[in-house]
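Below: the structure, in structure tokens.
The values are calculated or read from the model by the stated rules, or taken from the named source; none is laboratory data. Note that this is a predicted model, so its numbers are computed, not measured. Quick reminder, even Gly has a Cβ in these numbers, built from the backbone with ideal geometry, and neighbours come from all protein chains shown.
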Amino acid sequence: MSSRPTLAAVAAHAGVSPSTASLAFADSPRVAPATRDRVLAAAAELGYAGPDPLAASLRRGRSGVIGAFIGERLLYAFRDPVALQLLDGISEVLGSHDVGLLLLAGDSGRPSTTQIARIPLDAAIFATCGLEDDPALDQLRARGVPVVAVEGPVVDGVVLVDIDDRRGTRDVARHLYDLGHRRVHLVAMPLRLDGTRGPVSAERRARAHYRDVRHRIEGVEDVFGPVPVYETPSNAVDEGCAAGRILLDVAADRRPTAIVAQSDILAAGVLQAAGELGLQVPHDLSVVGFDGADLPWLAPDRLTTVVQPSAEKGRAAAQAAMDLVAGAAPEDLMLPVTLRVGTTSGPVPSSDRSVRR
């Protein structure tokens with residue numbers, strides 16, 4: 001077999017120096033277009049694909065890759081339209097900088113800390129996780145890898161791109177309160193990724209990991225005071241449906257008149273359970289969510305929800321990461337959320353109006 005062609009062979013074939021050939025492959029303005037064309041033609045003739053990217057990254061001191069950490073398995077992330085919008089926003093900005101995106105899933109799919117210590121990354125984005133005690137965070141910081149956090153972790157030296165989860169949930173809870181609802185239950189996203197499903201005790205709540213989950217509970221309590229909280233093990237429609245069946249398949253005088261779901265995905269599941277049980281929304285039950293996700297299968301219903309700028313959040317996180325790589329010091333950013341009233345919330349059922357305070 002013939003040996004693989006080298007950059008030096010390409011340079012000799014094109015009649016230029018190896019350094020000029022290297023600049024031609026880097027598309028440097030210091031190389032005349034005609035010379036670049038001659039180098040590329042010589043490379044094509046010899047079957048040379050270009051400089052070794054690993055060697056090039058070692059020379060530059062950069063890998064050209066940003067890592068995005070995902071809290072759950074990629075299966076769940078790709079089923080969640082909000083996570084997809086976030087990742088799309090990240091990839092949009094990184095693509096414009098000619099930088100690659102490496103997805104690092106959570107759960108059992110997450111690389112070990114030993115592997116994370118070896119993965120060449122210019123920066124890392126905690127996209128949908130945000131744990132202050134994540135061992136990956138310690139590894140990255142020990143290596144000096146710049147880190148951007150989307151809604152957490154909140155750690156000194158880590159740039160935070162955030163939304164006001166508590167205020168947004170408070171707004172949608174106030175909407176329900178003004179409609180007369182008092183018997184309200186909350187369907188929560190995982191407080192910790194340990195597979196727990198069911199009512200949340202005070203002890204369990206004290207061990208809640210995720211800031212957005214904590215803040216969305218607090219937003220409801222700002223309006224209603226303590227409310228029953230049912231935790232799901234993952235942000236999935238079937239988990240919202242399972243929670244809805246448990247909360248709604250009870251006597252009418254014990255059934256909540258409104259359910260606040262911490263995501264639109266979970267709210268869609270609750271709506272499915274309500275339909276299976278013969279409940280009319282919003283006549284018998286109001287259901288609200290959080291995210292402003294595109295859920296076309298709910299038509300003609302339009303979910304009452306809190307809309308967050310998911311794609312913009314991703315773009316902001318990616319731009320912050322690129323700024324850190326360039327040596328800048330971007331500031332933390334808080335993005336706005338807005339209440340969108342749809343068709344899934346309405347006045348409290350007439351049989352419950354006597355309990356209004």
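Among the residues of region 257-302, those that are surrounded by fewer than 24 Cβ atoms within 10 Å (Cβ to Cβ), part of a loop (DSSP other than H, G, I, E, B) and at pLDDT 95 or above comprise 277, 278, 279, 280, 281, 282, 283, 284. Against the condition out of contact with any Lys or Arg (no Cβ under 8 Å at 6 or more places or on another chain), within 21 Å of residue 85 (Cα to Cα) and either among the hydrophobic types (A, V, I, L, M, F, W, C) or in the same structural domain as residue 241 (by TED's automatic domain parsing) (or both), how does residue 333 come out, does it pass? It is true that residue 333 is out of contact with any Lys or Arg (no Cβ under 8 Å at 6 or more places or on another chain), within 21 Å of residue 85 (Cα to Cα) and either among the hydrophobic types (A, V, I, L, M, F, W, C) or in the same structural domain as residue 241 (by TED's automatic domain parsing) (or both). Once region 162-193 is narrowed to residues that are out of contact with any Pro (no Cβ under 9 Å at 6 or more places or on another chain) and closer than 29 Å to residue 122 by Cα, the residue that is modelled with the lowest pLDDT is 192. When the criteria are applied in full, residue 154 meets the requirement of being among the aliphatic types (A, V, I, L, M) and outside the structural domain of residue 255 (by TED's automatic domain parsing).
Meeting the requirement of 1 or more residues that are surrounded by 21 or more Cβ atoms within 10 Å (Cβ to Cβ), the helices (runs of 4 or more DSSP H) wholly within region 192-252 are 211-224, 237-248.
Got at least one residue in region 100-110 being among the polar types (S, T, N, Q), assigned by TED's automatic domain parsing to the domain that holds residue 325 and modelled with pLDDT under 80? Yes, because at least one residue in region 100-110 is among the polar types (S, T, N, Q), assigned by TED's automatic domain parsing to the domain that holds residue 325 and modelled with pLDDT under 80.
Looking at the structure I just gave you, is residue 324 in the same structural domain as residue 154 (by TED's automatic domain parsing) and among the hydrophobic types (A, V, I, L, M, F, W, C)?
Numbers: in the same structural domain as residue 154 (by TED's automatic domain parsing): yes; among the hydrophobic types (A, V, I, L, M, F, W, C): yes.
Taking the combined requirement at face value, the residue satisfies it.
What pairs come up if the first residue lies in region 4-24 and is in the same structural domain as residue 40 (by TED's automatic domain parsing) and surrounded by 18 or more Cβ atoms within 10 Å (Cβ to Cβ), the second is among the β-branched types (Val, Ile, Thr) and in a loop (DSSP other than H, G, I, E, B), and their beta carbons are under 7 Å apart, counting only those six or more places apart or on different chains? Taking only residues 6 or more apart or on different chains, the pairs are 20/31; 23/31; 24/31.
If I filter region 326-341 for residues that are part of a loop (DSSP other than H, G, I, E, B) and under 17 Å from residue 176 (Cβ atoms), do I get at least one hit? I'd like the intermediate steps shown before the answer.
Our first condition is that a residue be part of a loop (DSSP other than H, G, I, E, B); within region 326-341, this holds for 326-332, 336-337, 341.
Filter again for under 17 Å from residue 176 (Cβ atoms), leaving 337, 341.
Looking through region 326-341, at least one residue is part of a loop (DSSP other than H, G, I, E, B) and under 17 Å from residue 176 (Cβ atoms).
Between 312, 276, which is among the charged types (D, E, K, R) and either at positive phi or over 20 Å from the mean Cα position of the chain (by Cα) (or both)?
Values: 312 fails: either at positive phi or over 20 Å from the mean Cα position of the chain (by Cα) (or both).
Only one candidate passes the filter, namely 276.
Screening residue 260 with (1) touching an Asp or Glu at 6+ places or on another chain (Cβ under 8 Å); (2) touching a residue at least 40 places away in the same chain (Cβ under 8 Å) gives one miss only, at (1). Might you let me know whether region 152-166 holds any residue that is of a type in the set (D, E, K, R), crowded, with 18+ Cβ neighbours inside 10 Å, within 23 Å of residue 307 (Cβ to Cβ) and in contact with a strand residue (DSSP E or B) (Cβ under 7 Å, 6 or more places away or on another chain)? Yes; the residues of region 152-166 include at least one that is of a type in the set (D, E, K, R), crowded, with 18+ Cβ neighbours inside 10 Å, within 23 Å of residue 307 (Cβ to Cβ) and in contact with a strand residue (DSSP E or B) (Cβ under 7 Å, 6 or more places away or on another chain). Under the condition of being touching a residue at least 40 places away in the same chain (Cβ under 8 Å) and within 30 Å of residue 274 (Cα to Cα), the residues counted in region 301-337 number 10.
Under 14 Å from residue 184 (Cβ atoms) and either touching a helix residue (DSSP H, G or I) at 6+ places or on another chain (Cβ under 6 Å) or assigned by TED's automatic domain parsing to the domain that holds residue 181 (or both): which single residue out of 267, 273, 299 fits that description? Before the answer, list the steps.
Details: 273 fails: under 14 Å from residue 184 (Cβ atoms); 299 fails: under 14 Å from residue 184 (Cβ atoms).
Criteria check complete, one pass: 267.
If you go through region 21-34 and keep only what is part of a helix (DSSP H, G or I) and modelled with pLDDT of 90 or more, you end up with 33, 34.
Please state which one of 174, 183 is touching a helix residue (DSSP H, G or I) at 6+ places or on another chain (Cβ under 6 Å) and surrounded by fewer than 19 Cβ atoms within 10 Å (Cβ to Cβ). Lay out the reasoning, then the answer.
On the way: 183 fails: touching a helix residue (DSSP H, G or I) at 6+ places or on another chain (Cβ under 6 Å).
From the options 174, 183, the qualifying one is 174.
Taking residues in region 75-95 that are free of Cβ contacts under 8 Å to residues at least 24 places away in the same chain, and partners anywhere that are assigned to a helix (DSSP H, G or I), the pairs with Cβ atoms closer than 7 Å and at least 6 places apart or on different chains are 78/84. Scanning region 303-325 for residues that are farther than 18 Å from residue 152 by Cβ and assigned to a helix (DSSP H, G or I) yields 311, 315, 319, 322, 323, 325.
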